[in-house]
1. Report those strands (runs of 3 or more DSSP E) wholly inside segment 184-247 carrying at least 2 residues which are in contact (Cβ under 8 Å) with a residue 60 or more places away in the chain.
2. Could you give me the residue pairs with C-beta distances under 7 Å whose first residue belongs to segment 367-380 and is within 13 Å of Phe398 (Cα to Cα), whose second residue is surrounded by 13 or more Cβ atoms within 10 Å (Cβ to Cβ) wherever it lies, and which are 6+ apart or on separate chains?
3. Among Ile199, Ile207, which is the only one that is open to solvent by 10 Å² or more (accessible area, probe 1.4 Å) and of a type in the set (A, V, I, L, M)?
4. Might you let me know whether segment 380-388 holds any residue that is open to solvent by less than 60 Å² (accessible area, probe 1.4 Å) and at pLDDT 75 or above?
5. What is the number of the single condition among (1) in a helix (DSSP H, G or I); (2) among the polar types (S, T, N, Q); (3) surrounded by 14 or more Cβ atoms within 10 Å (Cβ to Cβ) that Ser275 does not meet?
6. Of the numbered conditions (1) surrounded by 13 or more Cβ atoms within 10 Å (Cβ to Cβ); (2) out of contact with any Phe, Trp or Tyr (no Cβ under 9 Å at 6 or more places or on another chain), Asp99 satisfies every one except a single condition; which is it?
7. Output yes when any residue across segment 383-406 is closer than 30 Å to Thr448 by Cβ and not in a helix (DSSP H, G or I), and no when none is.
8. So, in segment 50-63, of the ones that are outside any loop (DSSP other than H, G, I, E, B) and among the charged types (D, E, K, R), which residue ends up surrounded by the most Cβ atoms within 10 Å (Cβ to Cβ)?
Amino acid sequence: MITVIVVLLVSLLLYNKFAKSAEDNANLNIQQIIEQVNSHLELYVKGMQDIYEVVEDQIGQTDNISESLLKEQLTTLLHTREDLVSVALFTPEGRMVLDVPDAIMRRNTQLKEQSWFLTALKEPVAVSFSQPHIQNLYKGQYKWVVSLSRMISYKADGVLKQGILLVDVNFRTIDELSSKVILGKKGYAYIIDSLGNIIYHPQQQLIYAGLKYENIEPVFDYSFGSYIDSSTAEQRYITVRTVNPIGWKIVGVAYPDEIVTTKKDLQVFIFWFLSIVIIVVLLVSIFVSAKISQPIRRLEKAVKLVGQGDFNTPIDVKGAYEVEQLSKRFNFMLHRIRQLMVQIIHEQEAKRKGELDVLQAQINPHFLYNTLNSVIRLVERGKTDEVVTAITSLSKLFRISLSKGMNMIPLAEELEHVRHYLIIQKIRYKSKFNYTMVIQDEALTCTTLKLIIQPIVENAIYHGIELMPDEGCIQISVKVEGERVIISVTDNGLGMTPQVMGQLLTGGVKSTGGSGVGVKNVHERIQLYYGKAYGLTFMSEVEVGTTVTITLPMVINEPENVEGDGLL
């Protein structure tokens, strides 16, 4: 992947560089073509201006405009230049004074309204160039011409007068110069004058018919330059040059997708180059990767076995030096993990036994103190039978609590422990509550952690029933559901809010009475031994009561080593 990415990046950079160079060269080529046409037109216009001045000089040097020698000279000049159509001189009132060659002038030419005539009157100093038009001064002549005109001085019978000199130039030369511009298959060039009138366009008829539109406005912002035109659906590259001194503008129109043929060729080359290089790189990479990855995959399979819990199978993988070293270090790590696991198991066993011993040491003096106070009061009242019952239950309760130091006891003994606890509490609280125990016989053969039911019952008495004005009731039920043992402790006490229930297993609720063995401790011990699927759940409603459900796995009576298996 790294090699492919590098090849792609390098190819992209090279393509961008070459494509930019190709585009710049294409644009430069267009500019050079337009510049060359511009130079030709400037030379041609300069030549026309020179001819105009020659005609003007000849007229100015003649004492009488009607001399035949002048006509001969002008006729000779017209014969030497194919692009010269005619020379004519008019008075400001529109009367013809001179025409070469001789021709019959048409009537109703509206001479005074023609653009070249009006321009000469308004701007008598500079030679004006008209738009291309059909010459309509003479009968039988309909040539496409550009008219040069200016106010000049001439002599008639020795008298100096003012007149308008008209020189018509065949537009064919300008048309030929412009039509030779080739800017791709669709590119072209057109010419506009200083007012924005189109002088030449290769699709002139479509322009006049309104079937084609040229966005001329931006052209006036440039006398020399290039820009991108997006006014049409297809983007166009516009190049502008100004024909001096008449102010015409040559506008070159090129299409980027045509002028940059090199860019397209480069795209095709880059595509095939990348395809071949990527295929070769992939084949080589697959081959090399297979040689390198096979021993690593064997190592991976061995590691998966370890991940599934098999810490006793050593890893023996042959391969590259690095893989062999990795295998050796992994085997050493497994050995250390096994050692640490054994150490952690022993430490956890010792820690939990110590915690339980501390809890029992906390419960026994506290509960014993309260029970002995109750016994003293019973003795003072002479209630011998109740004293015997209390002391008997107390002794059995402590006997079961000790359980010869075992943490796992039969469920029957755990329930017997709770029953004696309830007997003692009932003697203490007199008729404050009653209790019932509903036990499924099948459950009595199971094994459980000791001291998990008594803290729940203690909480039911201290926090649920003790503050009630009425008599309370505690019900303990034990049943087997599938592979689980369900123990429920239900009371009709004060109940709890959802907020309090949510904090019970997080330690957010602190008990101010009882032994101090909280439900959080019971829940954690159960999950430590049996897993996260087991533990305590709560259902409670304020002023209705609370039900605490203890879920345990169904484990038949086993020796004490069950505790160690639970930790594992």
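The values are calculated or read from the model by the stated rules, or taken from the named source; none is laboratory data. Please read all numbers here as calculations on a predicted model, not as lab measurements. Note that each Cβ is placed from the backbone with ideal geometry, even for glycine, and that neighbours are counted across all protein chains shown. These accessible areas exclude ligands, DNA and RNA; they are computed on the full protein's heavy atoms, side chains included. Shrake-Rupley method; radii C 1.70, N 1.55, O 1.52, S 1.80 Å.
1. Details: elements: 188-192, 198-200, 224-229, 236-243.
Filter on segment 184-247 gives 188-192, 198-200, 236-243.
2. Taking only residues 6 or more apart or on different chains, the pairs are Phe367/Ser515; Thr371/Ala390; Thr371/Leu394; Thr371/Ile424.
3. Values: Ile199 fails: open to solvent by 10 Å² or more (accessible area, probe 1.4 Å).
None of the other options fit; the residue is Ile207.
4. Filtering segment 380-388 for residues open to solvent by less than 60 Å² (accessible area, probe 1.4 Å) gives 382, 387.
From what is left, the residues that are at pLDDT 75 or above are 382, 387.
Checked segment 380-388: at least one residue is open to solvent by less than 60 Å² (accessible area, probe 1.4 Å) and at pLDDT 75 or above.
5. In the conditions (1) in a helix (DSSP H, G or I); (2) among the polar types (S, T, N, Q); (3) surrounded by 14 or more Cβ atoms within 10 Å (Cβ to Cβ), Ser275 misses (3) alone.
6. That leaves (2) as the condition not met.
7. Pass one, segment 383-406, residues closer than 30 Å to Thr448 by Cβ: 388-406.
Filter again for not in a helix (DSSP H, G or I), leaving 406.
So far as segment 383-406 goes, yes, one or more of its residues are closer than 30 Å to Thr448 by Cβ and not in a helix (DSSP H, G or I).
8. Taking segment 50-63 first, the residues outside any loop (DSSP other than H, G, I, E, B) are 50-61.
Subsequent filtering for residues that are among the charged types (D, E, K, R) retains 50, 53, 56-57.
Numbers: Asp50: 10, Glu53: 13, Glu56: 18, Asp57: 11.
Going through the qualifying residues, I end up with Glu56.
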